[in-house]
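The values are calculated or read from the model by the stated rules, or taken from the named source; none is laboratory data. Since this is a predicted model, take the numbers as computed values, not measurements. Note: ideal-geometry Cβ built from the backbone for every residue, glycine included; neighbour counts use all protein chains shown.
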Amino acid sequence: MKKLILLRHAKSSWDNPSLEDINRPLSPRGVYSAKLMGTFIKSRYKKDLLNVYSSPSKRTKLTCDLAFNKKLKINYPKELYTFSHQDLFDWLKNKGDQNKILIVGHNPAFSELIQFLSGQKEEIIFPTCALCEINLNIDTWNDIKKHCGDISLLQKVKSLKDYNFKK
């Protein structure tokens, strides 16, 4: 069995509309949410996160810095700057024997990948800074296929008991 953990980047800022999408930073709410979700992730996974990958966008890098306190080695492959679940699916097929992978990235790729892997019929609502854990009934990442997993956690940052962001 493999485990896939998806963390959508925290809320980005649209204050500068001339910035390219890849260069958008986090908003104040995003900074707050990334730190809070980081606390949740640390309590849930302890020191069990070794394989962390992220889109190389500014907002995903900042989400990683805040959520993981710059204490984890994070890989930033350019292929993860995508909005396509098929791109993520293809990328995962080549992950070898890693048992647990955490990816920080983007929608709609994440919500579509969750739906694709889990077979859940209802639309997946996956807001910024949400975390999803999927248990995959596969032995190797190359075996990944449609409907091979079950959602074991779908945690929205605003549902965390300590969430109390005020503008």
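For this structure, a couple of remarks:
- Which numbered condition SER12 fails, given (1) over 17 Å from CYS129 (Cβ atoms); (2) touching a strand residue (DSSP E or B) at 6+ places or on another chain (Cβ under 7 Å); (3) among the polar types (S, T, N, Q): (1)
- Scope segment 14-54; condition of a type outside the set (A, V, I, L, M, F, W, C), part of a loop (DSSP other than H, G, I, E, B) and under 21 Å from THR82 (Cβ atoms); matching residues: GLU20, ARG24, PRO25, ASN51
- When each of SER55, SER33, SER12 is tested for being surrounded by 15 or more Cβ atoms within 10 Å (Cβ to Cβ), under 25 Å from ASP97 (Cα atoms) and either at pLDDT 95 or above or touching a Ser or Thr at 6+ places or on another chain (Cβ under 8 Å) (or both), the lone residue that passes is SER55.
- With respect to (1) closer than 30 Å to ILE138 by Cβ; (2) over 15 Å from the mean Cα position of the chain (by Cα); (3) surrounded by fewer than 18 Cβ atoms within 10 Å (Cβ to Cβ); (4) in contact (Cβ under 8 Å) with a residue 40 or more places away in the chain, the lone exception for PRO28 is condition (1).
- When segment 60-88 is filtered for residues that are part of a helix (DSSP H, G or I) and within 19 Å of PHE40 (Cα to Cα), the ones remaining, listed by number, are THR60, LYS61, LEU62, THR63, CYS64, ASP65, LEU66, ALA67, PHE68.
Yes/no per residue for (1) among the hydroxyl-bearing types (Ser, Thr, Tyr); (2) assigned to a strand (DSSP E or B); (3) touching a Phe, Trp or Tyr at 6+ places or on another chain (Cβ under 9 Å):
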| site | (1), (2), (3) |
| --- | --- |
| LEU117 | no, no, yes |
| GLN120 | no, no, no |
| ILE124 | no, no, yes |
| THR128 | yes, no, no |
| PHE165 | no, no, yes |
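- Matching entry among LEU88, LEU80, LEU72 (being within 28 Å of LEU19 (Cβ to Cβ), in contact with a Ser or Thr (Cβ under 6 Å, 6 or more places away or on another chain) and free of Cβ contacts under 8 Å to residues at least 40 places away in the same chain): LEU80
- Listed by first and then second residue, the pairs linking a residue in segment 103-124 that is at pLDDT below 95 to a residue that is surrounded by fewer than 18 Cβ atoms within 10 Å (Cβ to Cβ) and not charged (D, E, K, R), with Cβ atoms under 6 Å apart and 6 or more places separating them unless they lie on different chains, are GLY119/HIS147.
- Residue in segment 44-61 that is within 19 Å of PHE165 (Cβ to Cβ), of a type in the set (Lys, Arg) and in contact with a Leu (Cβ under 9 Å, 6 or more places away or on another chain) present: yes
- Residue, surrounded by the fewest Cβ atoms within 10 Å (Cβ to Cβ), within segment 114-133, restricted to residues that are β-branched (Val, Ile, Thr) and farther than 18 Å from ASP87 by Cα: ILE125
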